Structures are given as C-alpha cells and as structure tokens.
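The values are calculated or read from the model by the stated rules, or taken from the named source; none is laboratory data. Worth saying up front: this structure is predicted, and the values here are computed from it rather than measured. Glycine also receives a Cβ, built like all others from the backbone with ideal geometry; neighbour counts cover every protein chain displayed. Accessible surface areas use protein heavy atoms only, side chains included; no ligands, DNA or RNA. Shrake-Rupley method; radii C 1.70, N 1.55, O 1.52, S 1.80 Å.
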Amino acid sequence: MKLVPTLLGASALCLGLNALAQDSTIRKTLAERIPQLQQIDEVRPTPMKGLYEVRIGTDLFYTDAQGNYLIQGELIDTKARRNLTEDRLNKLTAVDFQALPLQDAFTIVHGKGERKLAVFEDPNCGYCKRFEKDMQNVDNVTVYLFLYPILSPDSAEKSRNIWCAKDRAGAWQDFMLRDKTPAAASCDTAALQRNLALGRKHKITGTPTLIFADGSRVPGAVGAQEVEKRLAEAGNGTK
C-alpha cells in the first residue's frame, strides 16, 4: 500500500519538472525571437490544451508549448460562455479596497451610504460629468472620490481649488453638475500628488475609474443601472 503514495509523489514531481521545463522553453524562445518579450513576468497553462498564457505586467499573450506562435487577442470559453482573457485581467487589475488611502479622498454620501465605491476623476473629464449625473440616481452608497488631475494643467488647478474648498463635496458637485467654477483656494495638496502616484501604481490611465468594495474595477463612465448591478455583486467587500 505504501507504493501508491510514492508513485503519486513521483508523478507530481515529474509534472512539476515538466512545467518548469515548459516555462523555460517558452521564455527562452520568445526572448530570442521578440525583443519586446525579454522580461516575461509569468507563463502559465490555459484551460485549452497546448496553449499557454504569457504575461508581461497586465498585457496577456498566448503561445504554444514551444513558443513558435504568438497570439494577441481574447480567449473565449464557448461552453461556459465566458471571456477568459477578461476574467484574468479583472483579477490582475483588482485593487484591495481596504488598502486604499481614503484620507486622500473626500466623500459624497447618497442616502444611508451603506455601500462603498471609490472613484478616480478629473474635473475636466466630460465622461466624469456624465457619470456624476447618473450617480444622482444611485442610492445608499458612500462615494470616496479621489481627485485625479491627468488631462491638463487646468485639471490640476481645478482639483486644487476643490480639494482646498471648505466643502469639498459641495464644490465638486457644483462644478460637475451645475458648471459652477470652484473659487480659487490654496492649501496642502500633497494628497493630489499621492493620488497620481497611486493611479500610476495601479495603471489607472483614464477617468472615471471605479473601484468596488470587492476590489473589482471598471474603467469609464457606466450608467446607474450598471453601477447598481456591480454594487450588489461587490457586497460590502468583507467576503
């Protein structure tokens, strides 16, 4: 009877060694043939037999076991009707909501504010203004708004005036919903620089970018119905 565990252990060891060899072969071949693939972060098998995922940061490619072919595109599971590439990217770009520096944001409370949502926005972003209008139809949520001035020098000035206002949420909503330019103000704006650094860390390249309590994120302006759906899916982030 002792032979069975021994064989299982040997089998697992062989599989592990084969996986390492496969990883090494793919890395070596791709690095030699494609200079842009010199620094591969991860190689892993996909659910499709013989197809491997090659990851560089959050960029995903697919290749065969020898690295002879490279595919850039999406992998779809037709049986499960799931976009496996999208699912993988969602995991890679997830943000730990509990780790967000909420002191560098201001809050806008809708109703009881029991649900949570963090949003990175630029005051000069037209899509952000549309998003803010749609958010007036979403109840029972606390929005942690991170000013993220990336569109123009004027974005930085407006963000400063909003951040330094006595009523930050009021100044923000006056501008985004009622087109009332925030009054000039000055204060310590180190939080805005930290927001920019935080965004770069998480590769936030556009506004608005939404982060839900479960760590999932959505780039771009989505409507109230989609926000409600994702808030329900995210729960309170304590799962």
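Worth a mention:
- With respect to the conditions (1) under 15 Å from Leu210 (Cα atoms); (2) under 18 Å from the mean Cα position of the chain (by Cα); (3) of a type outside the set (S, T, N, Q), Ile150 falls short on a single one, namely (1).
- Test: residue in region 126-140 that is assigned to a helix (DSSP H, G or I), among the polar types (S, T, N, Q), at pLDDT 95 or above and open to solvent by less than 40 Å² (accessible area, probe 1.4 Å): no
- All conditions but one from (1) in a loop (DSSP other than H, G, I, E, B); (2) surrounded by 20 or more Cβ atoms within 10 Å (Cβ to Cβ) apply to Met176; the one that does not is (1).
- Scanning region 141-171 for residues that are surrounded by fewer than 15 Cβ atoms within 10 Å (Cβ to Cβ) and of a type in the set (S, T, N, Q) gives a single hit, Ser152.
- Some residue of region 102-113 being open to solvent by 30 Å² or more (accessible area, probe 1.4 Å) and either acidic (Asp, Glu) or without any contact (Cβ under 8 Å) to a residue 24 or more places away in the chain (or both): no
- The set of residues in region 122-147 being in contact (Cβ under 8 Å) with a residue 60 or more places away in the chain and in contact with a Phe, Trp or Tyr (Cβ under 6 Å, 6 or more places away or on another chain) consists of Asp122 alone.
- Complete set of residues in region 20-59 that are among the aliphatic types (A, V, I, L, M) and assigned to a loop (DSSP other than H, G, I, E, B): Ile34, Ile40, Met48, Leu51
- Residues that are out of contact with any strand residue (DSSP E or B) (no Cβ under 9 Å at 6 or more places or on another chain) and small (Gly, Ala, Ser), drawn from region 25-66: Ala31, Gly50, Gly57
- Residues that are part of a strand (DSSP E or B) and either more than 13 Å from Ala118 (Cα to Cα) or at pLDDT below 95 (or both) within region 202-222 comprise Arg217, Val218, Pro219, listed in sequence order.
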